[in-house]
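A short write-up of the structure that comes next.
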Amino acid sequence: MESCKDAVSVGDRFGMLTVSEVGLREEVHGNPGHYLSVCRCKCDCGEEKLLPPSTLLSGRVTSCGCKLSSPLKVGDKSGELTVIKVGIKKGPPGNQQQYCVCRCSCGAEKEFLSTYIVQKRVKSCAGPAHAYRIMGKRYGHLEVVDPNVGTNERGKRLVKCKCHNCGGEIVLSAVSLAQKRRTDCGCLKKLMPRKKYDVFPGDVFGNLVVVSTTTERHGTSLARLAKCRCSCGKEFESTFFDLVNGLRKSCGCAGRVSNGDVFGRLTVIDNSLTSPSGMAMAKCVCSCENHTVVDVLQSSLKKGNTKSCGCLRKKHGDSHTRLYRIWKGMLDRVRHTNRDYSKWYVEKGIKVCAEWEDWLAFKSWALSNGYDESLTLDRIDSNGDYFPGNCRWSTRKEQSNNKSDNVWLEYNGETMNLAQWGERTGIHADRIGRRLKSGWSVDEALTTPVGKTRGWRSRKK
């Protein structure tokens, strides 16, 4: 097979390039000691370029780069810059970029990438002399009083401006000022209609009065915080979001539990505690044999999540048993409002009696009332609460027959659901239901043998 080196000879043309010398070696840029076979080519514009033979044969390069040069010419302008020299190339061979020299209106000369000037991404030299040219210039209500205060964390130049609306001063970046993203110090914002999450000193949210506001940076995000004073005299910080949405209405003093309140085995002895994050807490004593004193979140006491010092969990050791899972499932059904089954329990107002909030009390009732591993907990009245007089242990079949969404039929003085009538007559419950929907009478639906109907015909008039 003929190599690329042999396929290129002196005098060959590739686009605007003419091969003038072959068989040269060039050290690979950034990789000392490694060499690449190249050819010397001369472009029609007069420039020379070293290129590998494979690059020429593939047609990837057809000029020295003059075809790709920007249409920039001497005299072109971008803002306050005027191009005075073009065609400057910088960079390693094969990866050179076009530069130009521009003169700013302040008299300074500076070198820029040609693409920056063509795309008008740069409009001034941004030097000290140019900065002082905006001294005293007005941008909306802001007048520049110090054009070179310093730079921010992003390296942008900062300027100090005086607001002619309220007389205040503000420091902001020159870019924000030039692009007119700020035209006042913020005083006009207070006169405009308030946005949903705006919070100002003096605003009242429940028992809280806003004293001052601030903005803190956490990584790449900003947190807007308000220092609040509660009616009890305590001061703390809260986010704008919590205040506006009603999530914080006090320092935690409002809605506290009372001393002497009992939650399971815990009795509140001090309700004035507060966690480091501002959550209301209470000191409680447990009624176990150790009389342990613990600090508990008041919200956990109200929700029933904490009922002892931990002795209940340590004592029974039944967390792995089926009966314990039945007890937990019963409590979850009446507490959770965001489950698919909530409409059958929470929305109907079904509750668990106070006695069965204690696992040991429920376990004692279950074992003394016929609990078996094959039975399930069933309410006799499906619209009633969970308490000893309304619950029993039954099979899954018995429990399904006691569901509140069953369809009941009365025939010959007996009232049963569709499943029970299906067992009695030998006709599937689904078939009985379809017959009734088609307009059949109860007598016809329960007594007509299967296969004697000659297909489905609606009995509706």
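The values are calculated or read from the model by the stated rules, or taken from the named source; none is laboratory data. Quick caveat: nothing in here was measured; it's all calculated off a predicted structure. Quick reminder, even Gly has a Cβ in these numbers, built from the backbone with ideal geometry, and neighbours come from all protein chains shown. Accessible surface areas use protein heavy atoms only, side chains included; no ligands, DNA or RNA. Shrake-Rupley method; radii C 1.70, N 1.55, O 1.52, S 1.80 Å.
Observations
- Residue-level accessible surface for Tyr386, protein heavy atoms, 1.4 Å, Å²: 10
- Note on percent of Cα pairs over 33 Å apart: of the candidates (i) 72; (ii) 66; (iii) 46, the value calculated from this structure sits at (i).
- The GluC sites (Glu not before Pro) found in the range 300-377 that occupy coil by DSSP, while having at most 15 further C-beta atoms within 10 Å, are Glu347, Glu373.
- Additional length obtainable on full extension of the chain from Asn259 to Thr82, 0.36 nm per residue less Cα span: 55.7 nm
- Scanning residues 5 or more positions from Asp261 or on other chains, those with amide H under 5 Å from its amide H are Val268, with H placed 1.01 Å from N in the peptide plane.
- Here the dipole of the range 220-332 is about 260 debye; that uses its Cα centre as origin and unit charges on the Cβ of Lys and Arg (positive) and Asp and Glu (negative).
- Sorted on the mean count of surrounding Cβ atoms within 10 Å across their residues, most packed first, peptides 141-149, 289-297 read 141-149, 289-297.
- Using just its DSSP H runs of length 4 or more, each adding -39500 (n - 2.57), the chain gives a mean residue ellipticity at 222 nm of -5000 deg cm²/dmol after division by all residues.
- Using the Cβ-Cβ distance between Cys106 and Glu169 with R0 set to 22 Å, the FRET efficiency from 1/(1 + (r/R0)^6) comes to roughly 0.30.
- Sulfur and carbon atoms: percent of accessible area, the range 322-452 [1.4 Å]: 47
- To the nearest ten degrees, helix 322-335 and the longest principal axis of the Cα atoms of the chain are 70 degrees apart.
- Listed residues Val209, Val334, Thr115: farthest to the positive end of the dipole of the chain (Cβ charges): Thr115
- A 1.4 Å probe run over the chain, with the rest of the protein chains in place, finds 61 Å² accessible per residue.
- Prolate/oblate/rounded label for the range 292-394 (Cα gyration tensor, a/c 1.5): oblate
- For the set Tyr139, Tyr116, the ranking by accessible area, highest first and with no ligand, DNA or RNA atoms included, is Tyr116, Tyr139 under a 1.4 Å probe.
- When the Cα positions of Ser299, Ser438, Cys166 are compared along the charge dipole of the chain, Cys166 comes out farthest toward the positive end, with charges on each C-beta of Lys, Arg, Asp and Glu.
- Simple label model, 7 Å out from Cα along Cβ direction - Leu297 to Asp372, nm: 4.3
- Cα shape, the range 291-352, gyration tensor, a/c 1.5 rule: oblate
- Sequentially through the range 358-368, phi angles give Karplus couplings (6.51, -1.76, 1.60; θ = phi - 60°) of 8, 4, 5, 5, 5, 4, 4, 5, 4, 5, 8 Hz, Gly and Pro residues having no value and appearing as x.
- Taking amide H as placed 1.01 Å from N in the peptide plane, Met281 has its amide H under 5 Å from the amide H of Leu273, Thr274, Ser275, Gln298, each at least 5 places away in sequence or on another chain.
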